[in-house]
Each structure stands twice: as C-alpha cells, then as structure tokens.
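Just so it is clear, none of the values below were taken in a lab; they were calculated from the coordinates. Values in this document were obtained by computation on a predicted structure and should not be read as measured data. Please note: Cβ atoms are built from the backbone with ideal geometry, for glycine as well, and neighbour counts cover all protein chains shown.
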Amino acid sequence: MLSILYALGALVEALALPTGQIIAREVTPWCAGLGPGAFDIAHNFTLAALNTTLPNANATGAPLVLGQAGATDGESFEVFSTYASYPYNDWPNLSLLQGGLVANSIYNFTSPAGNVTSGNELSFVTTTYNAPPPAQIYCAVADIDPTEGSPYPLLAVNGDTSGFALCVQCDCNYAQTNLVWQPSPENADGYLYDTCYNVTVQLLGLN
C-alpha cells in the first residue's frame with residue numbers, strides 16, 4: 001500500500017484554502033503526462049524486469065542489479081543487468097530523488113544515473129572525483145486502482161514506461177543481459193538486437 005500512498009501524496013497536496021481555493025501540486029517535467037499515480041521521490045527500493053510478451057516465473061520479474069560497463073582512470077560505469085547474468089550486487093538499493101535515479105553502494109557511496117537516449121542502455125557513473133548530479137528524467141507510476149491495481153509501481157524514463165527491453169550484451173562468454181530503452185538494431189552499445197524482448201520495470205520494496 002505504501003506505493004499507492006506515494007502517488008496519492010500528489011493528490012493530498014491539493015490543499016484546501018479559503019472557500020473555493022485549491023492549489024494543485026505542480027507536475028514536474030519528468031512526470032508530466034503519467035497520470036495521478038506518478039511520483040518522483042522514493043527510497044530503498046530495487047527493480048525487476050517483467051516480461052510483457054512471454055510468461056514470467058513470478059509476479060515481480062527478473063531482479064536487476066548494477067552490472068559492469070567499463071572503466072577509465074578514476075571512474076567506472078555501470079548498467080542495469082539481470083542478476084542471473086551478473087550475480088553480484090554491490091548497489092543493493094536505489095533512490096529516486098526529484099526525477100534523478102541514484103544507486104546506493106554497500107561501500108557508502110552513491111552512483112548517479114546519467115541521461116538516456118533511444119537505443120541505449122541505462123547507465124550510471126561511479127567516480128572518485130566530484131560526481132555529476134543525476135539526470136532528472138525518471139519517474140515512478142503507481143497503479144492507484146484500489147481493487148485490481150498492481151502493487152508494484154512502474155519505472156518511467158523520459159515519460160515512457162513501455163519502451164524497456166532486456167538485451168544480451170554480446171556473443172561472448174559471461175555476457176550480461178542488460179536493460180535498454182527503445183532498443184535499435186543500430187546501437188552504439190553493441191548489444192544483440194535479435195535477443196531483445198520487451199519488459200516493464202517494477203519498483204519493489206515500497207510496500
């Protein structure tokens with residue numbers, strides 16, 4: 001129920017003033033068009049990818065963790081990978097902070113998510129320098145139907161909850177299966193487009 005309360009907070013913040021006056025909560029750009037269930041602040045949750053084309057093993061989907069995506073001097077890069085393909089979890093939970101997504105490490109530092117463009121993986125940066133602010137492009141959307149709604153809010157990026165897919169990283173040993181937004185056969189990340197399948201991304205742990 002907590003996920004529904006997050007969303008209903010937007011409605012509660014329509015404050016009754018002197019008779020006839022109502023101030024509605026301002027809709028932030030990263031949640032615009034996503035309806036009354038949208039919210040942009042949440043803490044200590046995880047994500048899972050639910051297949052939208054084939055049956056799932058459970059109601060929550062495949063757990064997602066931060067998988068490796070290369071490094072340079074003083075910086076490393078991460079992407080969302082399925083735990084089945086990358087069985088490590090140094091960032092056990094996430095925070096959504098006014099549209100910015102942040103991964104919280106077991107080593108007491110945070111890794112902000114960057115901008116996401118069509119055809120690309122959702123990426124994070126971990127740095128020993130001053131970390132950039134997270135890109136304010138994320139939102140969560142709760143199903144506020146009290147009778148038939150899902151208990152798990154959906155993640156949205158760039159105002160879209162339905163453009164996610166899981167794609168195999170490469171034709172190689174230990175290939176990760178990574179989360180991509182609006183996958184394309186012509187992509188800079190090098191994932192195998194023919195392996196992609198559509199998913200929605202659910203927030204777990206809020207209820």
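Check LEU101, LEU50 and return the single one that is out of contact with any Gly (no Cβ under 6 Å at 6 or more places or on another chain) and among the aliphatic types (A, V, I, L, M). It is LEU101. The sole residue among LEU155, LEU192, LEU206, LEU166 that is within 19 Å of GLN68 (Cα to Cα), surrounded by 21 or more Cβ atoms within 10 Å (Cβ to Cβ) and not aromatic (Phe, Trp, Tyr) is LEU166. Of the residues making up region 82-101, those that are under 25 Å from PRO132 (Cα atoms) and assigned to a loop (DSSP other than H, G, I, E, B) are TYR88, ASN89, ASP90, TRP91, PRO92, GLN98, GLY99. Among the residues making up region 82-113, those that are more than 12 Å from the chain's Cα centre (by Cα), of a type in the set (Gly, Ala, Ser) and more than 25 Å from CYS172 (Cα to Cα) are SER105, SER111. If the condition is being assigned to a strand (DSSP E or B) and either of a type outside the set (S, T, N, Q) or surrounded by fewer than 22 Cβ atoms within 10 Å (Cβ to Cβ) (or both), then region 71-81 contributes ALA71, THR72, GLU75, SER76, PHE77, GLU78, VAL79, PHE80.
Taken over region 111-132, residues that are surrounded by fewer than 16 Cβ atoms within 10 Å (Cβ to Cβ), in contact with a strand residue (DSSP E or B) (Cβ under 7 Å, 6 or more places away or on another chain) and not small (Gly, Ala, Ser) amount to 2. Answer yes if at least one residue in region 98-105 is buried (at least 22 other Cβ atoms within 10 Å of the Cβ), out of contact with any Lys or Arg (no Cβ under 9 Å at 6 or more places or on another chain) and in contact (Cβ under 8 Å) with a residue 60 or more places away in the chain, and no otherwise. No - not one qualifying residue is present in region 98-105. Return a yes/no flag: does region 179-186 have any residue that is surrounded by 14 or more Cβ atoms within 10 Å (Cβ to Cβ), more than 20 Å from LEU204 (Cβ to Cβ), acidic (Asp, Glu) and touching a residue at least 60 places away in the same chain (Cβ under 8 Å). So far as region 179-186 goes, no, none of its residues is surrounded by 14 or more Cβ atoms within 10 Å (Cβ to Cβ), more than 20 Å from LEU204 (Cβ to Cβ), acidic (Asp, Glu) and touching a residue at least 60 places away in the same chain (Cβ under 8 Å). Close Cβ contacts (under 9 Å, 6 or more residues apart or on different chains) running from residues in region 106-132 that are more than 19 Å from ALA49 (Cα to Cα) to residues that are assigned to a loop (DSSP other than H, G, I, E, B) and β-branched (Val, Ile, Thr) comprise ASN115/ILE137. Restricting attention to region 32-70, the residues being crowded, with 19+ Cβ neighbours inside 10 Å and in a loop (DSSP other than H, G, I, E, B) number 4. Which members of region 181-207 meet the condition of being assigned to a loop (DSSP other than H, G, I, E, B) and more than 30 Å from PRO151 (Cβ to Cβ)? Hits for region 181-207 are SER184, PRO185, GLU186, ASN187, ALA188, ASP189, GLY190, TYR191, LEU192.
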